[in-house]
Amino acid sequence: MSNFSISFLSILNVEFDNVSFVGGSAIEEKFDVAIRDIRFEGPLNFVQVFQSYLKTIDKGLRFDISAAGAMLGYEVCLPDITGGAFNFVNWKLVMDLRLPFKAGIPMRINIGLNTPQEMGLVTGAIWGGRGCLIFGLEPKRGVVSILLIVEVGVVLYLNIGVAEGIVYIFAGIYIRKEYDKIELKGYLTCGGIEYSWFNYSFSYILYGFTRQWKLP
């Protein structure tokens with residue numbers, strides 16, 4: 001297919017130059033996509049400030065397909081802001097489109113800032129925090145899910161000459177709403193990130209409590 005566009009929920013419009021998929025039992029599967037432009041519309045017009053980044057979206061586009069469905073996604077890395085009273089590191093705009101193959105399960109688009117596996121970091125002096133926020137939308141129901149994770153605590157920078165990084169201890173809160181169900185968690189987490197040589201990270205989590213309930 002070539003020269004077409006797709007609008008998602010009147011908030012995201014993607015224009016394609018071409019999309020092709022080749023596969024079979026005797027050849028290697030190959031998916032190729034070239035995006036001409038992408039625009040946020042309606043309540044997400046503010047995202048146009050990132051337009052210059054989005055025009056290179058085809059270079060990092062992710063596509064996964066399985067018996068359950070297909071997923072088309074992308075992450076737009078935002079520039080780090082360092083050197084002032086506060087530092088903003090590892091923030092990104094994330095989005096993905098999920099197309100289930102099973103009848104009765106609707107298409108969904110997820111859009112937000114970062115993911116639970118790779119949260120954005122804010123630091124100021126020895127204090128810091130990290131988090132993510134993701135909205136899930138369906139064509140008929142609109143916003144059906146919200147995920148919010150916020151962690152705050154102490155961050156220490158370490159530089160031992162041959163390597164440098166950070167260690168942290170955070171108190172966190174996890175809130176997830178999925179349709180009419182809500183899940184709430186509170187926990188402590190500690191860990192570290194080494195980013196000068198191996199870009200290695202580790203973390204340990206101790207959950208304090210978990211609560212779940214259903215909206216009327």
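The values are calculated or read from the model by the stated rules, or taken from the named source; none is laboratory data. What you see is a predicted model; the values in this text were computed from it and never measured. Glycine gets a Cβ as well: all are built from the backbone with ideal geometry, and neighbour counts include every protein chain shown.
For region 70-94, the tally of residues that are out of contact with any Asp or Glu (no Cβ under 8 Å at 6 or more places or on another chain), not β-branched (Val, Ile, Thr) and not in a loop (DSSP other than H, G, I, E, B) stands at 2. Of the candidates 197, 213, the single residue that is at pLDDT below 80 and over 15 Å from residue 131 (Cα atoms) is 197. Restricting 126, 109 to those that are among the hydrophobic types (A, V, I, L, M, F, W, C), surrounded by 19 or more Cβ atoms within 10 Å (Cβ to Cβ) and touching a Leu at 6+ places or on another chain (Cβ under 8 Å) reduces the list to 109.
Considering only residues in region 37-69 that are in a strand (DSSP E or B), modelled with pLDDT of 70 or more and within 17 Å of the chain's Cα centre (by Cα), the one that is nearest to residue 114 (Cα to Cα) turns out to be 62. In region 87-102, the qualifying residues are those that are under 21 Å from residue 63 (Cα atoms) and over 11 Å from the mean Cα position of the chain (by Cα), and the one that is surrounded by the fewest Cβ atoms within 10 Å (Cβ to Cβ) is 102. Annotation for region 150-161: at least one member residue is modelled with pLDDT of 90 or more and either touching a Lys or Arg at 6+ places or on another chain (Cβ under 6 Å) or not aliphatic (A, V, I, L, M) (or both).
One line per residue, one yes/no per condition, for (1) without any contact (Cβ under 8 Å) to a residue 60 or more places away in the chain; (2) exposed (fewer than 15 other Cβ atoms within 10 Å of the Cβ); (3) more than 28 Å from residue 79 (Cβ to Cβ); (4) over 17 Å from the mean Cα position of the chain (by Cα):
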residue	(1), (2), (3), (4)
137	no, no, no, no
167	yes, no, no, yes
179	yes, yes, yes, yes
193	yes, no, no, yes
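Exactly one residue among 73, 131 is in contact (Cβ under 8 Å) with a residue 24 or more places away in the chain and surrounded by 16 or more Cβ atoms within 10 Å (Cβ to Cβ), and that residue is 73. Pairing residues of region 148-163 that are surrounded by 11 or more Cβ atoms within 10 Å (Cβ to Cβ) with residues that are among the aromatic types (Phe, Trp, Tyr) and modelled with pLDDT under 80, at Cβ distances under 8 Å and at least 6 apart in sequence or on separate chains, gives 163/197.
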